[in-house]
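Nothing in this text is a laboratory measurement; each read-out follows from the coordinates by a stated rule. What you are looking at is a predicted structure, and each value in this text was computed from that prediction instead of being measured. Cβ placement follows ideal geometry from the backbone for every residue including glycine, while neighbour counts extend to all protein chains displayed.
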Amino acid sequence: MKMYILVKEDVPDKLVPVITAHASLACFRKFEHNENMQKWINGIFKKVVCVVSEKEFRNAEKEPYNIVLTESSLENREVCLAFVPREEFPKMFKFFRMWTPQNHLQP
């Protein structure tokens, strides 16, 4: 089981670690009584962080059992989606790009 966390591609790298940490906690809090969430939290809780376009974000948002996060330092705009863990996600999730910091070597 794994939790997918989707971050919009225009979110600055320096904010992504904190946003994704908040996302996993917010998702757990919202769905803590969900059967899949309980299996995940009591096992090995894998997370996958992906970067998505606005269109991919909107399409993924249609999937059930998710939470949308906003970022106050970015004028409260929607920046992230976190999904209740499950064994299988829809096919589109396989095509999302894994997030990697682009500016991690810059001062």
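Quick notes on this one:
- Test: residue in region 73-89 that is on the phi > 0 side of the Ramachandran plot and either of a type in the set (Gly, Ala, Ser) or surrounded by fewer than 17 Cβ atoms within 10 Å (Cβ to Cβ) (or both): yes
- Residue pairs meeting the criteria (Cβ under 7 Å; at least 6 apart or on separate chains; first more than 14 Å from Cys50 (Cα to Cα), in region 80-93; second in a loop (DSSP other than H, G, I, E, B)): Val84/Asn34; Val84/Tyr65; Pro85/Met1; Arg86/Met1; Glu87/Met1; Pro90/Glu63
- Flag for Lys47 being among the charged types (D, E, K, R), more than 11 Å from Val7 (Cβ to Cβ) and surrounded by fewer than 13 Cβ atoms within 10 Å (Cβ to Cβ): no
- Residue list for region 52-63, restricted to those being within 16 Å of Phe89 (Cβ to Cβ), out of contact with any helix residue (DSSP H, G or I) (no Cβ under 8 Å at 6 or more places or on another chain) and surrounded by 11 or more Cβ atoms within 10 Å (Cβ to Cβ): Phe57, Glu61, Glu63
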